[in-house]
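Read-outs: derived from the displayed coordinates by stated rules, not from any lab. Computed from a predicted model, the values in this text were never measured in an experiment. A quick note on method: Cβ atoms are made from the backbone with ideal geometry, for glycine too, and the neighbour counts reach across all protein chains shown.
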Amino acid sequence: MRLFMRGRGEGAEARSAARDAARDLAEKVRTLLHLDADATVSVSEIACGDPGCGGAETVILVMRAGRRTEAAKLLMPMTSVTEADLSMALEPLAGAPGRAD
């Protein structure tokens, strides 16, 4: 079973675009959630069996000191995620306790 979308057969350009998309989304997550420098954000794209997600889903993990890891999922490839999509997916995390304003 193939879990991760990035495979050996992809070219350097595709891998670079995926890294850039993940980095861009992570920065947007930091901004939208007002995260401090100690927080860690992980953005991954994994294979999705749901026909509605187009073969890939984006998983965002937010790790803050002293708290459980929080996750948000978007049923689309990370290169397709808009700021509106991201904002809606992060709504449950924005109201979580310990948020810094």
Exercise. S42 label point, 7 Å along Cα→Cβ, cut-off 13 Å on backbone N: hits in segment 57-86?
Worked result: 59-64, 69-72
Problem set entry | Derived scalar couplings ³J(HN,Hα) [segment 18-29; Karplus, 6.51 cos²θ - 1.76 cosθ + 1.60; whole Hz; x for Gly, Pro] | 5, 4, 5, 5, 5, 5, 5, 5, 4, 5, 5, 4
